Amino acid sequence: MPLKEIHVWYANLDCQRDGFLAPLELVRARNKGAILVRKRFENSRKIARELLSKYLNCSPETIFFEKEVSGKPFVANFPEISFSVTHSGAVMLLAFSRKHVGVDVELIRPVNAFSIAEKFFSAEE
């Protein structure tokens, strides 16, 4: 990947994926309460590993994730690539770059504005 490029990928976390999960990821998945949340977590890790392995020309099993102080994950044994991952519901975005990169996604949920207004504003407002 050229230095100035950013690659952004979309994935649907409700589509079952085959792939590798590290032992700690399996433990974290088991600790997720709902089955849907667990499956989405597993799929997100499998997708991230698979895509990173393609960019780094290695097997998914050789990728070791760590977290910055801010909580942002990085690949400890391959510092030449930066990636960012975000998910909301079944939607996942991943961004890859040779420089620091960030990506974010939020599902838009319908909101009842009047019930919010009643809660926070007086009748006159």
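The values are calculated or read from the model by the stated rules, or taken from the named source; none is laboratory data. As the structure is a prediction and not an experimental result, all values here were calculated from the model. In this analysis, Cβ positions are derived from the backbone assuming ideal geometry, glycine residues included, and neighbour counts consider all displayed protein chains. These area figures cover heavy atoms from the full protein model, side chains too; ligands, DNA and RNA do not enter into them. Shrake-Rupley method; radii C 1.70, N 1.55, O 1.52, S 1.80 Å.
Out of region 61-74, which residues are more than 18 Å from ASP104 (Cα to Cα) and either of a type outside the set (A, V, I, L, M) or in contact with a Leu (Cβ under 6 Å, 6 or more places away or on another chain) (or both)?
GLU61, THR62, ILE63, PHE64, PHE65, GLU66
Residue by residue through region 40-55, note down the ones that are in contact with an Asp or Glu (Cβ under 9 Å, 6 or more places away or on another chain) and either at positive phi or among the small types (Gly, Ala, Ser) (or both).
SER53
What's the total number of residues in region 11-56 that are closer than 28 Å to GLU80 by Cβ and small (Gly, Ala, Ser)? Steps first, please.
Let us first name the residues in region 11-56 that are closer than 28 Å to GLU80 by Cβ, namely 11, 13, 17-26, 28, 41-56.
Remaining after also requiring small (Gly, Ala, Ser): 11, 19, 22, 44, 48, 53.
The qualifying residues number 6.
From the residues in region 5-35 that are open to solvent by 90 Å² or more (accessible area, probe 1.4 Å) and without any contact (Cβ under 8 Å) to a residue 12 or more places away in the chain, which one is farthest from PRO60 (Cα to Cα)?
Here the answer is ILE35.
Evaluate region 58-75: report whether one residue or more is closer than 19 Å to ALA22 by Cα and basic (Lys, Arg).
Yes, there is a match, as at least one residue in region 58-75 is closer than 19 Å to ALA22 by Cα and basic (Lys, Arg).
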